[in-house]
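A short reminder: the numbers here are calculations on the coordinates, not readings from a lab. Remember, it's a predicted structure, so these values are computed and weren't measured experimentally. Positions of Cβ are backbone-derived with ideal geometry, glycine not excepted, and every protein chain shown enters the neighbour counts.
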Amino acid sequence: EIVLTQSPAITAASLGQKVTITCSASSSVSYMHWYQQKSGTSPKPWIYEISKLASGVPARFSGSGSGTSYSLTISSMEAEDAAIYYCQQWNYPLITFGAGTKLELK
Amino acid sequence: EVKLLESGGGLVQPGGSLKLSCAASGFDFSRYWMSWVRQAPGKGLEWIGEINPDSSTINYTPSLKDKFIISRDNAKNTLYLQMSKVRSEDTALYYCARIHYYGYFAYWGQGTLVTVSA
């Protein structure tokens, strides 16, 4: 089973600040996806297949990576971006999630 | 519009069983892989398993393989999760999700809460 380690676990950013969340896999993964979750709501698809933005996701978000190292980047923090972000890998037949990164507005 | 509506959650005693349902609408249910994901209170997401369109392939996360059974009824556009031998650590919000390519959960339901307690 591939273990995903997200860092940082918690972070805070000011408006306009660049934010990077990383997801490290215990072994090479085939595909990496990201989800955004706000309190009391279901996870929302956010970035899929490493770098493709889900419908409605602002262009200030981007995803990158390969092998065992992946990241989600926000070019300029906005208030609405405060949430928990989860990475998720698919290496058939198993799927695992990272523990999540809580992003707060400073 | 794709809709996934979970139901069947509630209070169940330790060691008991419960069957969750997920009613799908707005898409051709019989063509898609479907999955269950759970989230314990205040915790992260945990993948439970997935089922292919004709139910010939069902994959589970190893730790839950002997406790949970995933099934579907394409005629009823419904996904199921049979839970057995439940323990307090199974207390969680249970989501169903529609899988797009490469294990990507493109649509999620609102979840149904299962509480395991005596």
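A few points about this structure:
- Contact map, segment B:97-108: residues that are within 7 Å of chain A (Cβ to nearest Cβ) paired with residues that are basic (K, R), Cβ distance under 7 Å, separation 6+ or inter-chain. Pairs shown: B:A106/B:R98.
- A single entry from B:E6, B:E46, B:E89 fulfils the requirement of being more than 14 Å from chain A (Cβ to nearest Cβ), of a type in the set (D, E), within 28 Å of A:K102 (Cα to Cα) and out of contact with any Asp or Glu (no Cβ under 8 Å at 6 or more places or on another chain): B:E89.
- Counting only strands (runs of 3 or more DSSP E) wholly contained in segment B:16-59, the ones carrying 3 or more residues that are in contact (Cβ under 8 Å) with a residue 60 or more places away in the chain occupy B:18-25, B:34-39.
Yes/no matrix, rows are residues, columns are (1) in contact with a Gly (Cβ under 7 Å, 6 or more places away or on another chain); (2) within 27 Å of B:A40 (Cβ to Cβ); (3) in contact (Cβ under 8 Å) with a residue 40 or more places away in the chain:
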site: A:G63; (1), (2), (3): no, yes, no
site: A:S75; (1), (2), (3): no, no, yes
site: A:E78; (1), (2), (3): no, no, yes
site: A:P93; (1), (2), (3): no, yes, no
site: A:T101; (1), (2), (3): no, yes, yes
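- Verdict on B:L64 being at negative phi, out of contact with any Lys or Arg (no Cβ under 6 Å at 6 or more places or on another chain), free of Cβ contacts under 8 Å to residues at least 40 places away in the same chain and of a type in the set (A, V, I, L, M): yes
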